[in-house]
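Here the structure is laid out as structure tokens; the discussion comes afterwards.
The values are calculated or read from the model by the stated rules, or taken from the named source; none is laboratory data. Every value quoted in this text rests on a predicted model; they were computed, and no experiment measured them. Cβ placement follows ideal geometry from the backbone for every residue including glycine, while neighbour counts extend to all protein chains displayed. Each accessible area value is taken on the protein alone, full model and side chains, heavy atoms only, with ligands, DNA and RNA left out. Shrake-Rupley method; radii C 1.70, N 1.55, O 1.52, S 1.80 Å.
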Amino acid sequence: LLDNDFPYSDVSSVTINNELGAYKAVHHLIDQGHTQIGYLRSEYRINSFRERCQGYRGALKEFGLSIRPEHIFDVPFTEEGSYYAFRKYLESGRSLPSALLSDCETLALGTLRALKEMNYRVPEDISIISIDGFATPSSRPLTVLRSSAEDLAAVCIRTLVNRIQNPDQPTQHVFVDPILVDRGSVIDCRD
């Protein structure tokens with residue numbers, strides 16, 4: 001399997017280390033001085049998103065920061081849906097954290113549009129970072145934790161060839177660590 005994992009099955013898999021990606025994203029925000037870090041969460045809950053949420057929660061706990069329920073924003077799993085949902089949050093006067101981690105780039109892009117239309121500046125008023133899986137490189141102004149499709153495919157092919165050459169070898173679950181790509185949507189707010 002590529003970009004999915006069924007840990008209790010006898011199927012080898014190669015997937016993004018989603019939990020580590022979210023952890024690294026939160027760590028980056030903390031390094032930039034953010035202490036109120038919210039979560040832009042897809043209403044559509046897949047394994048990858050659950051793993052990212054675990055990484056977010058684990059990082060906050062490790063660094064002694066609290067999870068504030070009012071800073072968890074549930075939005076539809078489309079750019080348009082996240083735009084409308086986040087715009088409603090803004091119109092309701094709901095408080096915002098200094099930074100948001102997004103389940104994926106799709107949600108973040110809709111949110112960026114809503115923020116812009118409501119006269120919020122990114123990153124000056126709120127920082128946003130996203131995990132984008134293995135999407136193709138983008139020039140959008142969004143800081144992401146990215147794993148390239150080419151890297152995942154190469155690891156997948158090596159894993160498949162190894163399994164063919166060694167059929168008695170146990171099932172492998174390989175995780176590829178995402179890397180930070182800074183595109184300017186996170187501000188350093190340290191004094």
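For an R0 of 25 angstrom, estimate the FRET efficiency from the Cβ-Cβ distance between Gln54 and His27 and round to the nearest 0.05.
Using R0 = 25 Å, I get an efficiency of 0.95.
If you average the sequence gap of Cα pairs under 8 Å that are 6 or more apart and divide by the length of the chain, what percent do you get for the contact order?
This gives 29 percent for the chain.
Straight-line reach only, C-alpha to C-alpha below 18 angstrom: list the aspartates and glutamates that Lys24 could link to, leaving out same-chain residues fewer than 8 apart.
Glu51, Glu62, Asp103, Glu105, Asp132, Asp177, Asp182, Asp188
Under 1.5 on a/c is rounded, so check that first for the range 146-191, then, if it is not, pick prolate when a/b is larger than b/c and oblate when it is not; a ≥ b ≥ c are the square roots of the alpha carbon gyration tensor eigenvalues.
It is prolate, given that a/c is not under 1.5 and a/b is the larger ratio.
Where both partners of a DSSP beta bridge lie in the chain, what percent of those bridges are antiparallel, to the nearest 5?
Of those bridges, close to 15 percent are antiparallel.
What does the convex hull of the alpha-carbon atoms of the range 29-113 project to on average, in nm²?
On the way: hull surface 21.0 nm².
Across all orientations, the range 29-113 yields a mean hull projection of 5.3 nm².
Expressed in nm to one decimal, what extension gain is obtained for the pair Asp168 and Asp125 from 0.36 nm per residue of sequence separation less their Cα-Cα distance?
9.9 nm
As I understand it, the value is the acute angle between the Cα axis of helix 105-117 and the longest principal axis of the Cα atoms of the chain; what does it come to in degrees, rounded to 10?
Compared with the principal axis, the helix lies near 10 degrees.
Treating the angle as unsigned and between 0 and 90°, give the value, to the nearest 10°, between the Cα long axis of helix 149-165 and the longest Cα principal axis of the chain.
With rounding to tens, the tilt is 20 degrees.
Can you work out D for the chain in µm² s⁻¹ from Stokes-Einstein, where Rh is the Kirkwood radius over C-alpha pairs, the temperature is 37 °C and the viscosity is 0.692 mPa s? Before the final figure, lay out the partial values.
Details: Rh = 17.2 Å.
The estimated diffusion coefficient comes to 191 µm²/s.
Can you work out the accessible area per residue across the range 1-143, with the rest of the protein chains kept in place, probe 1.4 Å, in square angstrom? The partial results should precede the final answer.
Values: 6680 Å² over 143 residues.
Heavy-atom accessible area per residue stands at 47 Å².
Calculate the FRET efficiency for Asn47 and Ser95 from the Cβ-Cβ distance with a Förster distance of 30 Å, rounded to the nearest 0.05. Each step should come with its number before you reach the end.
Values: r = 30 Å, r/R0 = 1.01.
Efficiency computed from Cβ-Cβ geometry: 0.50.
So what's the back-of-envelope 222 nm ellipticity for the chain, counting only DSSP H runs of four-plus at -39500 (n - 2.57) apiece and dividing by all residues, rounded to 500?
Computed ellipticity for the chain at 222 nm equals -12500 deg cm²/dmol.
So who's got an amide H within less than 5 Å of the one on Tyr44, skipping anything under 5 residues away but keeping other chains? H placed 1.01 Å off N, in plane.
The answer is Phe77.
Using a basic spin-label model with each label point 7 Å from the Cα along Cα→Cβ, how many nm lie between Ile157 and Lys88?
Each label point is offset 7 Å from its Cα along the Cβ direction, giving 4.6 nm.
If you take the square roots of the eigenvalues of the alpha-carbon gyration tensor of the range 1-60 and sort them as a ≥ b ≥ c, do you get rounded (a/c under 1.5), prolate (a/b over b/c) or oblate?
Verdict is prolate for the range 1-60.
Multiplying the sequence separation of Ser66 and Asp182 by 0.36 nm and subtracting their Cα-Cα distance, what value in nm do you get?
Working it through step by step, the gained length comes to 39.2 nm.
Between the range 73-126 and the range 34-51, how far is it from one alpha carbon centroid to the other, in angstrom?
About 13 Å separates the Cα centre of the range 73-126 from the one of the range 34-51.
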